[in-house]
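Engineer: The structure follows.
The values are calculated or read from the model by the stated rules, or taken from the named source; none is laboratory data. None of the values given here were measured: they were computed from a predicted structure. Here the Cβ is made from the backbone with ideal geometry for all residues, glycine too, and neighbour counts use every protein chain on show.
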Amino acid sequence: MFYVKLLTSTLASIALSATLASARDNVQVAGSSTVLPYASIVAEIFGENFDFPTPVVESGGSSAGLKRFCAGVGENTIDITNASRAIRAKEIKACAENGVTDIIEVRIGYDGIVFASQIDGPKYDAFTPSDIFNALAPKVMVGGKLVDNPHQKWSDFNGDLPSEEILAFIPGTKHGTREVFEEKVVAAGCEATGAFQAMMDAGMSEDDAEDACFEVRTDGKSVDIDGDYTEALARIDANASGIGVFGLAFYENNTDKLKVATMSGISPSTETISTGTYPVSRPLFFYIKKAHIGVIPGLQEYADFFISNEIAGPDGPLAQYGLVSDPELAKTQAAVSSGKTMGSGS
Amino acid sequence: MTDANFTDKDIPNPRSLTKTERRTKRRKAAEKRFRAYGLTAILAGLTFLVILVYSIILNGLPAFQRTVVSIEFTLSAEQFKEAEAALLKTRVYSNYFITSFTDTVNGLGLSSEISSDSIDRIVGKIGGTLRKFYRNNQDKVGQPITFDLPASSLVERYFKETFSRESISESNRFIRAEDLDLVDALADAGIIRQEFNWLFITGVDTGVDNPGGAGIGAAVLGSFMMMTVVLILSLPVGVAASIYLEEFAPKNWFTDFIEINISNLAAVPSIVFGILGLAVFIQFMHFPQSAPLVGGMVLTLMTLPTIIISTRASLKAVPPSIRDAALAVGASKMQAVFHHVLPLAMPGILTGTIIGLAQALGETAPLLLIGMVGFVARYPETILGGFEGPNSALPAQIFNWASRSDAVFVEKAWGGIIILLIFLLSMNIVAVLLRRRFERRW
């Protein structure tokens with residue numbers, strides 16, 4: 001009986017202190033670590049230019065952010081999640097189950113993904129998706145047949161590449177970057193080398209062959225980096241023969257340590273990415289909970305400010321940092337200011 | 001050995017006082033070796049400590065220096081009005097400043113005509129500082145003011161010699177070789193100089209494009225608030241729990257069970273407490289996210305076992321004769337504990353508490369889950385509001401900076417480690433002083 005009393009009194013005191021929690025006056029953002037730098041720039045300028053408090057931006061990855069976003073509606077949930085990929089149908093469903101039905105999708109621009117190596121390291125200056133596929137896939141085409149990847153050195157399959165052990169630091173599976181890397185590079189190489197066709201000929205269904213094309217070898221030549229780009233940079237620093245996958249902005253901030261390789265002959269830059277000639281780029285997004293607009297002070301203003309021409313336009317601070325601005329920004333601006341939600345007809 | 005009457009001859013080495021026996025020699029050698037091992041271990045530990053402290057200081061000290069451009073600037077009333085009317089007000093302020101800066105430098109005739117683009121690349125993010133100043137001092141509009149504003153990240157690194165002229169490539173958008181010539185000329189003219197970085201100690205976090213303005217002050221305050229919460233919650237609960245368990249509780253399977261669980265809790269990885277905090281405090285009880293109050297509560301859960309274990313140990317260390325004497329002269333059990341045992345155990349309790357707090361201070365993992373690792377760039381408006389409003393913490397801030405792409409932020413992360421160590425050191429000094437003050441011998 002004594003313990004029951006003790007328990008109830010503890011719970012009562014906790015409940016009492018819970019009423020302390022007052023209305024939140026700041027915008028709360030979470031999500032992709034790729035979008036975090038841009039969001040932090042905007043959050044700082046937003047705080048400087050408006051009388052609203054500076055928004056709080058957390059990171060943790062696109063998937064983790066969307067999960068928290070879909071946890072429900074209310075002050076103790078986040079208002080905005082950043083994502084380096086589009087929201088999936090499965091996630092929209094999960095959101096709806098928790099009452100998060102009206103979601104506004106905002107595309108802020110594009111991010112290029114570059115392949116870079118140590119500045120004093122071997123001469124990795126030109127890759128094609130086929131090269132990356134030949135180096136990193138578990139099964140590749142050799143002499144017209146699909147075999148377990150025998151390649152140990154880059155020069156084993158392309159005489160133009162240096163005779164160095166294959167070692168690549170690629171983004172881990174929880175990163176949005178990984179998806180782009182798989183789709184635009186590995187899978188593209190899979191098709192270009194004929195491995196995709198060979199898998200189909202061997203009796204695999206199209207879906208299975210597509211999935212198999214996304215795989216990377218697991219014998220240590222390809223290393224998943226689950227942290228952020230700084231971790232990949234540290235690995236490159238320690239391994240002169242390694243190549244790493246970075247965001248364009250990160251590379252541009254570290255040109256004294258890294259040198260970049262071209263992809264299919266195109267060197268990555270804001271111009272080649274915005275025109276779409278550089279093949280490996282992806283759109284960046286953030287998602288707004290419409291139910292929070294008007295409840296959380298500054299939310300609408302933050303969203304409008306983020307995608308204004310002054311911020312996300314080609315001359316804004318985001319482009320200055322490395323974001324490739326979206327040619328269709330005006331469309332997004334109109335959608336955000338009118339509060340157009342996903343699925344309400346576009 | 002059953003034969004009792006053996007002679008001197010049977011002993012392989014007749015004992016002698018002057019000659020050392022082989023066995024003795026071996027024992028002495030073993031002792032010497034053991035001492036050598038011990039000394040080596042200490043020396044190895046010291047070497048690592050020296051390397052660690054050396055590298056922290058070497059990497060962190062530059063964070064306490066900053067490079068500023070110091071120049072006179074006048075903002076006219078029209079310019080003020082125009083800037084305040086724009087959407088991106090800070091950019092307008094910054095453009096006025098850069099234009100005025102360019103004119104001033106060109107007026108000095110330092111080198112050939114320079115463009116405002118060069119100046120733009122040399123100065124850092126300044127709009128926010130300018131706008132804040134003029135908004136707070138509207139009477140200063142129209143008057144010449146000398147501002148000390150941060151230089152850009154690469155100029156900063158150029159001054160600290162972590163960035164060299166050779167590594168500038170053609171495609172570098174952030175700086176050109178001719179900009180550095182101008183920087184050299186401006187440094188000679190005294191317009192660009194280095195000074196002690198007060199902003200680093202008092203400031204708040206900044207966006208990734210503004211490493212020059214970033215400071216750790218808000219994070220220090222956040223950590224301090226969390227430690228206050230931890231102290232207020234864990235000291236009374238921990239001490240009361242240990243006194244009950246040690247002095248009053250009957251020894252039965254239930255108290256044994258509690259004891260085992262406390263020891264287990266002390267070894268649970270801190271991330272588990274973070275998950276618990278997220279599930280219970282935020283999702284179930286609807287406490288605010290990113291708040292020092294919740295951070296402190298999570299860290300309290302983590303610190304409690306440490307405090308209980310050390311408090312129980314120091315209660316046990318009080319000789320039973322003290323209790324017996326108190327009880328013998330008619331004190332109740334509670335009087336004996338509170339008047340006699342507890343004061344004697346105080347130094348141990350305080351040491352344990354402060355060690356527990358120090359451990360909690362450096363913890364990042366649980367904070368990750370309750371939203372304290374992120375971009376929190378403001379001071380709380382009120383003291384009470386600070387506990388439940390969003391705030392950062394020292395280890396979270398360091399973690400954050402270390403993962404940013406600009407090298408100046410990495411330098412600030414090292415600087416943050418120095419601040420964290422100073423914080424820890426002062427806590428430990430308090431622990432030592434308190435122990436000295438309360439210590440009693442018998």
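Engineer: Just the residues that are crowded, with 16+ Cβ neighbours inside 10 Å and within 14 Å of another protein chain (Cβ to nearest Cβ), please, taken from the range B:175-198.
Structural biologist: Result: B:I175, B:L180.
Engineer: Can you pull out the residues in the range B:348-393 that are more than 9 Å from chain A (Cβ to nearest Cβ) and farther than 26 Å from B:I307 by Cβ?
Structural biologist: B:Y379, B:P380, B:T382
Engineer: Quick check on the range B:362-388: of everything there that is closer than 16 Å to A:N26 by Cβ and among the hydroxyl-bearing types (S, T, Y), which residue is surrounded by the most Cβ atoms within 10 Å (Cβ to Cβ)?
Structural biologist: Within the range B:362-388, the match that is surrounded by the most Cβ atoms within 10 Å (Cβ to Cβ) is B:Y379.
Engineer: What number goes with the only condition from (1) in a loop (DSSP other than H, G, I, E, B); (2) assigned by TED's automatic domain parsing to the domain that holds B:E84 that B:I119 does not pass?
Structural biologist: Of the numbered conditions (1) in a loop (DSSP other than H, G, I, E, B); (2) assigned by TED's automatic domain parsing to the domain that holds B:E84, the odd one out for B:I119 is (1).
Engineer: Filtering the range B:129-174 down to residues that are basic (K, R) and within 33 Å of the chain's Cα centre (by Cα), which residue is farthest from the other protein chains (Cβ to nearest Cβ)?
Structural biologist: B:K160
Engineer: Check B:I354, B:I307 and return the single one that is assigned by TED's automatic domain parsing to the domain that holds B:M226, in contact (Cβ under 8 Å) with a residue 60 or more places away in the chain, over 30 Å from A:V27 (Cβ atoms) and within 17 Å of the chain's Cα centre (by Cα).
Structural biologist: Answer to the check: B:I354.
Engineer: To continue, here is another question. If a residue counts only when it is crowded, with 24+ Cβ neighbours inside 10 Å and of a type outside the set (V, I, T), which helices (runs of 4 or more DSSP H) contained entirely in the range B:204-299 have at least 2 such residues?
Structural biologist: By residue number, B:217-243, B:270-277.
Engineer: Now, a different point. Is it the case that B:P343 is more than 10 Å from chain A (Cβ to nearest Cβ), assigned to a helix (DSSP H, G or I) and surrounded by 22 or more Cβ atoms within 10 Å (Cβ to Cβ)?
Structural biologist: No, not satisfied.
Engineer: Kindly list the number of the only condition in (1) more than 7 Å from chain B (Cβ to nearest Cβ); (2) without any contact (Cβ under 8 Å) to a residue 40 or more places away in the chain; (3) in a loop (DSSP other than H, G, I, E, B); (4) not acidic (D, E) that fails for A:I78.
Structural biologist: (2)
Engineer: Something else about it: Go through the range A:230-241 residue by residue and tally those that are surrounded by fewer than 17 Cβ atoms within 10 Å (Cβ to Cβ) and among the hydrophobic types (A, V, I, L, M, F, W, C).
Structural biologist: 3
Engineer: Residues A:E91, A:E97: which one is surrounded by 17 or more Cβ atoms within 10 Å (Cβ to Cβ) and not aromatic (F, W, Y)?
Structural biologist: After applying the criteria, what remains is A:E91.
Engineer: Of everything in the range B:413-440 that's under 17 Å from B:L221 (Cβ atoms) and more than 10 Å from the chain's Cα centre (by Cα), which residue is surrounded by the most Cβ atoms within 10 Å (Cβ to Cβ)?
Structural biologist: Here the residue is B:M427.
Engineer: Here are the criteria: (1) in contact (Cβ under 8 Å) with a residue 60 or more places away in the chain; (2) away from chain B (no Cβ under 11 Å). Tell me which single one A:E97 does not satisfy.
Structural biologist: Result: A:E97 passes all but (1).
Engineer: Something else now. Tell me, please, whether a residue that is in contact (Cβ under 8 Å) with a residue 40 or more places away in the chain, assigned by TED's automatic domain parsing to the domain that holds A:G65 and surrounded by fewer than 19 Cβ atoms within 10 Å (Cβ to Cβ) can be found in the range A:257-267.
Structural biologist: no
Engineer: Among the residues of the range A:51-63, what is the count of those that are small (G, A, S), surrounded by fewer than 24 Cβ atoms within 10 Å (Cβ to Cβ), within 11 Å of chain B (Cβ to nearest Cβ) and over 15 Å from B:I282 (Cβ atoms)?
Structural biologist: Here the count works out to 0.
Engineer: Quick one: is A:F250 more than 14 Å from chain B (Cβ to nearest Cβ) and either under 20 Å from the mean Cα position of the chain (by Cα) or at pLDDT below 85 (or both)?
Structural biologist: no
Engineer: Next up: Quick one: which helices (runs of 4 or more DSSP H) lie wholly within the range B:11-116 and hold at least 2 residues that are within 36 Å of the chain's Cα centre (by Cα) and surrounded by 14 or more Cβ atoms within 10 Å (Cβ to Cβ)?
Structural biologist: B:22-60, B:89-108
Engineer: Another question, then. Scan the range A:308-332 for residues that are in a helix (DSSP H, G or I), within 13 Å of chain B (Cβ to nearest Cβ) and under 12 Å from A:S274 (Cβ atoms) and jot them down.
Structural biologist: Correct list: A:A319 only.
Engineer: For the range A:294-310, enumerate the residues that are within 20 Å of the chain's Cα centre (by Cα) and within 30 Å of A:N254 (Cβ to Cβ).
Structural biologist: A:F306, A:I307
Engineer: Among the residues in the range B:382-394, are any modelled with pLDDT of 90 or more, not assigned by TED's automatic domain parsing to the domain that holds B:I175 and not in a loop (DSSP other than H, G, I, E, B)?
Structural biologist: Yes, the range B:382-394 has at least one match.
Engineer: For residues in the range A:211-229 being in contact with a helix residue (DSSP H, G or I) (Cβ under 7 Å, 6 or more places away or on another chain) and either free of Cβ contacts under 8 Å to residues at least 24 places away in the same chain or farther than 23 Å from A:T193 by Cβ (or both), which is surrounded by the fewest Cβ atoms within 10 Å (Cβ to Cβ)?
Structural biologist: A:I225
Engineer: Working only within the range B:395-412, note down all residues that are surrounded by fewer than 21 Cβ atoms within 10 Å (Cβ to Cβ), part of a helix (DSSP H, G or I), at the interface with chain A (Cβ under 9 Å from one of its Cβ atoms) and under 18 Å from the mean Cα position of the chain (by Cα).
Structural biologist: B:A402, B:V410
Engineer: Related question: Out of all the residues in the range A:264-278, which are out of contact with any strand residue (DSSP E or B) (no Cβ under 6 Å at 6 or more places or on another chain) and on the phi < 0 side of the Ramachandran plot?
Structural biologist: Answer for the range A:264-278, where residues must be out of contact with any strand residue (DSSP E or B) (no Cβ under 6 Å at 6 or more places or on another chain) and on the phi < 0 side of the Ramachandran plot: A:I266, A:S267, A:S269, A:E271, A:T275.
Engineer: Against the definition (β-branched (V, I, T), in the same structural domain as A:G294 (by TED's automatic domain parsing) and either touching a residue at least 60 places away in the same chain (Cβ under 8 Å) or in a helix (DSSP H, G or I) (or both)), how does A:T54 come out, yes or no?
Structural biologist: Judged against the criteria, A:T54 is not a match.
Engineer: Between a residue in the range B:76-91 that is more than 7 Å from chain A (Cβ to nearest Cβ) and under 13 Å from B:Q143 (Cα atoms) and any residue that is among the polar types (S, T, N, Q) and exposed (fewer than 14 other Cβ atoms within 10 Å of the Cβ), which pairs come within a Cβ distance under 8 Å, given they are 6 or more apart or on different chains?
Structural biologist: Every condition considered, the pairs that remain are B:F80/B:Q138.
Engineer: For the range B:303-325, what are the residues that are part of a helix (DSSP H, G or I) and either touching a Cys at 6+ places or on another chain (Cβ under 6 Å) or among the aliphatic types (A, V, I, L, M) (or both)?
Structural biologist: Matches in the range B:303-325: B:L304, B:I307, B:I308, B:I309, B:A313, B:L315, B:I322, B:A325.
Engineer: Checking the structure you have, find out if any residue of the range A:83-90 is over 30 Å from B:S94 (Cβ atoms), assigned to a helix (DSSP H, G or I) and not β-branched (V, I, T).
Structural biologist: yes
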